[in-house]
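Read the structure below first, then the notes.
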Amino acid sequence: MVGSNSNIKLRLSIRYLIAIVLLVIMVFPYLYMVLNSLADWSQVDRKLIPTKFTLRSYQWLFTGGETGITRPWIHAFFNSVFVSLISTALMMMFAIMVAYALSKLKFRGRDSINNFVLFHMFFPAIILIIPNFLIIQKVGLFDTYWALIIPKAMSLWGIFMYTNFFKAVPDAFIEAAKLDGASDFKILYKIMMPMSKSITTVVFLFLLMERWTELLWDMIVVRSDGMLTLNVLLSQMFGPYQSYPGPMYAGAVMLTLPIIILFIIFGKKFQEGMQFNLK
Amino acid sequence: MEKNNNRLGWLFASPYLIFSTVFFLGPLIWSLYLSFTNWDLISPTYDFVGFKNFTKALGTPGVRSAFWVTYKFMIVFVPIVTAMSLFVAVIVKGLPKLKSVFLIGFFLPYLSSGVVASLIVKGFLSHTSPVQTFLRERLGLDIDWLGGSFSALFVVAMIMAWKFTGYYALILTSGLESIDQEVYEAAAIDGVKDSQRFWKITLPLLYPAIYTTLILSFGATFGIFTEVYQLTGGGPNYATNTWQMEIYSQAFKNLQAGYASAIAIMAAVATFISIFVIRKILEMWGKRNGWV
């Protein structure tokens, strides 16, 4: 490279500066949300950076404030955690099982199933929402946890990711384990899973995040207050509670923070996994 | 051995086979059937009406707008998100330290729920908000962001861009990093000017990654629902009425299940054909320039 040492340093500092400014702009909406959830109500949505703070918005969520209507925020939060964790666990489990069959077990019809998964994955899913809703209603699962979990227990994208990953694992490993008398369940659990740690983090976080923020499906299959997930509850409060922006921001923080914390905990692993997947 | 494996294979694949039968193939046929009926989602009886739903749908402003709004979103959203993520990727790529911190930071918006993003934007653009007050009092601009056809579309597209930039930047960064530095040095010797570096070297070698982000971002425009539902309800005057929004309104608000099924099928066909054409165009563009 031509140019003196100080020139390079200057260029680098400019890059860092731009990166920091960009990052602040990108993360600003979150900052705005957190600050507003903590701001004195006279300043919510009136000041870019509030100066007076209070916990009233959070208190309001739990007590219902002067409207006297206690909205089940905590319950909805619990519902979200429960439904998302179970759904995601099932999606992971089935994805790993199916992917193992589609990549490592030789059986008649495997190629057809593989092609069908691809077709299914790229099929525009909007056609399915009305009949799927009707199925849930017909079998009497409307307004139950099952309605939130069962139709969201399979992820084609998850199957696709794991199939591709497992294909890259040499067959020799599996044959060696088989000679030692290991069953396929054991191979899956003891060999394939430990090898796919990085991709597991990525798939898990993506699936959990998607399930956690799902709106349309959750909105149509449950009705009663006790069944709502936090995202749906927040969406329902959106219009009528416009005069209470503070508590709305507090609800938004409740919805956003857990997933971000989880993500930051797994951040390093996630990035490694992403790099791997993108190559 | 062979037989045993056969059984095990089907056993392991069975969760998917059952699921796709119940929640994909069955519903697909049911949906096709419903689209030819006038069912209202509640009454026990309904009639077979042939192609009436389809012909009716073609003539309504809701469906027409849904068709065009998707492409309008593309025109606004795809260039913005591509430019932003490219810029982020180029800036972050050369950083010796804290690169992953930056990348993860940029990725955070992707984790936001559309409801939360809409809530923040609505507050941010409300009449008394600091931004609006500033625009009004200092610059004399009184903009009703969600009330104008283009501005409402623009606001939703910007939320989407905010959300996806970090994700696509991650893809583009790893694309950039797979480019060998020696290529640049060799090009410098061959007399490629600094100003041509991006167009002559980076872009061609980055094409596979750009192709991925473009396909993803085009695809994303077909699934817009939450932000629109939350912020505009498809308005003003259908300016942000996406396919999903139209299907939701017809099926679950107006309770026209048969009619909505017909719209869903039209949406799926439009999506399928559009994505196919876009892919072909992108591939041709790459081939023509010798990038693939």
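The values are calculated or read from the model by the stated rules, or taken from the named source; none is laboratory data. Computed from a prediction, not measured in an experiment: that's the story for all the values here. Cβ: placed from backbone, ideal geometry, glycine included. Neighbour counts: every protein chain shown. Heads up: the accessible areas ignore ligands, DNA and RNA and are worked out on the full protein's heavy atoms, side chains in. Shrake-Rupley method; radii C 1.70, N 1.55, O 1.52, S 1.80 Å.
Take the Cα atoms of the protein assembly as shown, build their convex hull, and give its volume per residue in Å³.
194 Å³
Taking each of A:K167/A:K268; A:K197/A:K268; A:K190/A:K269; A:K104/A:K186; A:K152/A:K190; A:K9/A:K269 in turn, the alpha-carbon distance tops 23 angstrom for A:K167/A:K268; A:K152/A:K190; A:K9/A:K269.
Averaged over the residues of B:248-256, the number of partner chain Cβ atoms lying within 10 Å of the residue Cβ comes to 2.
Rounded to the nearest 10 square angstrom, A:Y30 shows an accessible area of 10 square angstrom against a 1.4 Å probe. Convert 4 °C to kelvin, take the viscosity as 1.567 mPa s, use the Kirkwood radius over C-alpha pairs of segment B:230-269 as Rh, and evaluate the Stokes-Einstein diffusion coefficient in µm²/s, rounded to a whole number. Here the translational diffusion coefficient equals 127 µm²/s. Relative to the Cα centre, the charge distribution of the protein assembly as shown, modelled as +1 at Lys and Arg Cβ and -1 at Asp and Glu Cβ, gives a dipole magnitude of about 740 debye.
Pairs on different chains or at least eight residues apart, Cα atoms closer than 27 Å: how many lysine pairs in chain B fit? Summing the qualifying lysine pairs gives 21.
Each part gets one Cα centre, and for segment B:268-289 versus segment A:143-219 those centres are 31 Å apart. Shown here are the Rg and Dmax of the Cα trace of chain B, at 23.9, 80 Å. Mean per-residue shielding of peptide A:14-25 is 5, counting Cβ atoms of other chains within 10 Å of each Cβ.
Only helices enter the 222 nm calculation for the protein assembly as shown: every DSSP H run of n ≥ 4 contributes -39,500 (n - 2.57), and dividing by all residues gives -22000 deg cm²/dmol, rounded to 500. Percent of alpha carbon pairs in segment A:145-279 separated by more than 25 Å? The proportion of pairs with Cα distances above 25 Å equals 47 percent. A crude spin-label estimate for the pair A:S6 and A:V21, with each label 7 Å from Cα along the Cβ direction, gives 2.3 nm.
Per residue, the average separation of C-alpha pairs within less than 8 Å and at least 6 apart gives chain B a relative contact order of 31 percent.
If you take the Cα centroid of segment A:73-132 and the Cα centroid of segment B:193-221, the two points sit 31 Å apart. Residues considered: A:A252, A:A176, A:A101. Largest GNM mean-square fluctuation over chain A, using C-alpha springs under 10 Å, is found at A:A176. Dipole size of segment A:71-186 about its Cα centre, with +1 on Lys/Arg Cβ and -1 on Asp/Glu Cβ: approximately 120 debye, rounded to the nearest 20. Taken along its three principal axes, the alpha carbon spread of chain A comes to 74, 71, 35 Å, from the longest extent down to the shortest.
Mind pulling the angle between the C-alpha long axis of helix B:257-288 and the longest principal axis of chain B? Nearest 10 degrees, somewhere in 0 to 90. Rounded to the nearest ten degrees, it is 20. Think of the protein assembly as shown as a dipole: +1 on every Lys or Arg Cβ, -1 on every Asp or Glu Cβ, centred on the Cα centre; then among B:S100, A:G246, B:F252, B:S100 lies furthest on the positive end.
Take each residue of peptide A:100-113, count the partner chain Cβ atoms within 10 Å of its Cβ, and average: the result is 5. Pair-distance distribution of segment B:77-172: all C-alpha pairs, bin width 10 Å, starting at 0; shares per bin in whole percent are 16, 36, 30, 17, 2. The H on the amide N of B:T37, modeled in the peptide plane, is under 5 Å from the matching H of B:V49, each at least 5 residues off or on a different chain. Summarising the label geometry, the points placed 7 Å from Cα in the beta-carbon direction at B:I29 and B:S178 lie 4.2 nm from one another.
Express in nm, to one decimal, how much length is gained between B:I189 and B:V269 on full extension, taking 0.36 nm for each residue of separation and deducting their alpha carbon distance.
Value of the extension gain: 23.7 nm.
Only the Cβ atoms of Lys and Arg (+1) and of Asp and Glu (-1) were treated as charged; on that basis the dipole of chain B about its Cα centre amounts to roughly 160 debye. These residues, A:H120, A:H75, go from largest to smallest accessible area, 1.4 Å probe, as A:H75, A:H120.
Near the amide H of A:A39, within less than 5 Å, lie the amide hydrogens of A:T54, all on another chain or at least 5 residues away, with H placed in the peptide plane.
Alpha-carbon geometry of segment A:103-159: the Rg and the Dmax are 14.5, 41 Å, given in that order.
Considering only A:N231, A:N115, A:N36, the mean-square fluctuation computed in a Gaussian network model of chain A, springs between alpha carbons under 10 angstrom, is largest for A:N115.
Positive end of the dipole of chain A (Cβ unit charges, origin at the Cα centre): among A:P194, A:P131, A:A168, the Cα lying farthest that way belongs to A:A168.
Put the Cα centre of segment A:13-45 next to the Cα centre of segment B:99-153 and the gap is 12 Å. Toward the positive end of the charge dipole of segment A:1-158, with +1 on the Cβ of Lys and Arg and -1 on the Cβ of Asp and Glu, the farthest Cα among A:F77, A:M33, A:L23 is that of A:L23.
The C-alpha atoms of chain B define a longest principal axis, and helix B:2-20 lies at about 70 degrees to it. Computed from the alpha carbon atoms alone, the convex hull of segment A:93-213 holds 137 Å³ per residue. If you fit an axis through the alpha-carbon atoms of helix A:197-212 and take the longest principal axis of the Cα set of chain A, what angle between them do you get, 0 to 90°, nearest 10? Once rounded, one gets 50 degrees. For segment B:157-292, the Cα-based Rg and Dmax, in that order, read 20.5, 68 Å.
Averaging the sequence gap over all C-alpha pairs within less than 8 Å and six or more residues apart, then dividing by the number of residues, gives chain A a relative contact order of 28 percent.
For the pair B:I281 and B:R138, the difference between a 0.36 nm per residue extended length and the Cα-Cα distance amounts to 46.9 nm.
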